[in-house]
Amino acid sequence: MHIPDGFLDLKTAVATGVLSASVVGISLRRLNGSLPRRKVPLMGLAGAFVFAAQMVNFPIAGGTSGHLMGGVLAAVLLGPAAGVLVITAVLIVQCLLFADGGVVALGANVFNMGVIGSAGGYAIYRGVRLLFRNDRGRYLAVVLAAWGSTVLAAACCAGELAWSGTVPWTSAFPARWITSSPPASARPRVSTSRRSASQRRNRGCDRAPSRNLRWPVEKLSMPTTE
């Protein structure tokens, strides 16, 4: 999540970009003319809250920083289609104005946090609600959906990095599971620009890391961009 440029190869960036654009287009079409007027201001408020909440970082396992993702919150309040659009808007602003996530990798970030985080989390929420229909069931559904969407998004991120050849398949998923499992499930960050830049300076190299580079698990689980 929040993958910077230079960590995904062309095929992964294009594939995730096409998937994300398709889901965002479908979400726009579903909301066109069907979104109640009273929910329009809520979309803005939800986007502002998620944007501010993601600015608060805290340390988790292995030196990795985490923050709230907010996809399930937006989806439960507004519906999955609106949730996808809210998180997509937040990610675009973060990418273009705050360099939080790469421009080329924007499609992957939208897919991980917007599509999987919102739509996937909402699917978990609805599934749990079918089993538990009382008020306590609602709270349980939100908690499980928030955690489940985090693990799913982290797994997708690990798969994208491994498919790009940035990290080995054998290291990607164990490292992402460790940093996305409780108590570190608020949403581990997989943005590695600051750490990788420091490593490149130490090596006297200014270029992006090679796709053939193989990182150990402990380095995969330490990314951050701030």
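The values are calculated or read from the model by the stated rules, or taken from the named source; none is laboratory data. The structure presented is a predicted model; accordingly, all values stated were derived computationally and were not measured. Backbone-built Cβ (ideal geometry, glycine too); neighbour counts: all protein chains shown.
Just a few scattered comments:
- Residue within region 29-48 that is modelled with pLDDT under 90, under 18 Å from Trp147 (Cα atoms) and not β-branched (Val, Ile, Thr) present: no
- Selection count where residues are surrounded by fewer than 22 Cβ atoms within 10 Å (Cβ to Cβ), at pLDDT 75 or above and aliphatic (A, V, I, L, M), scope region 53-75: 4
- Helices (runs of 4 or more DSSP H) fully within region 35-140 that include at least 1 residues being over 13 Å from the mean Cα position of the chain (by Cα) and either in contact (Cβ under 8 Å) with a residue 60 or more places away in the chain or more than 18 Å from Val24 (Cβ to Cβ) (or both): 39-53, 71-78, 80-98, 121-131.
- Residue match in region 21-33 (condition: in a helix (DSSP H, G or I), closer than 22 Å to Arg129 by Cβ and among the small types (Gly, Ala, Ser)): yes
- Residues satisfying the stated conditions in region 92-114, i.e. among the β-branched types (Val, Ile, Thr), closer than 15 Å to Gly17 by Cα and either surrounded by fewer than 21 Cβ atoms within 10 Å (Cβ to Cβ) or at pLDDT below 95 (or both): Ile92, Val103, Val104
- Of the set (1) out of contact with any Lys or Arg (no Cβ under 9 Å at 6 or more places or on another chain); (2) surrounded by fewer than 18 Cβ atoms within 10 Å (Cβ to Cβ), all apply to Ala155 but (1).
- Given (1) among the aliphatic types (A, V, I, L, M); (2) part of a helix (DSSP H, G or I); (3) under 17 Å from Ile87 (Cα atoms), number of the condition Val143 does not satisfy: (3)
- Hey, Ala89 over 21 Å from Glu160 (Cβ atoms) and buried (at least 24 other Cβ atoms within 10 Å of the Cβ) or not: no
- In this structure, Leu31 does not qualify as crowded, with 17+ Cβ neighbours inside 10 Å and within 18 Å of the chain's Cα centre (by Cα).
- Restricting attention to region 1-20, the residues that are buried (at least 22 other Cβ atoms within 10 Å of the Cβ), among the hydrophobic types (A, V, I, L, M, F, W, C) and part of a helix (DSSP H, G or I) total 1.
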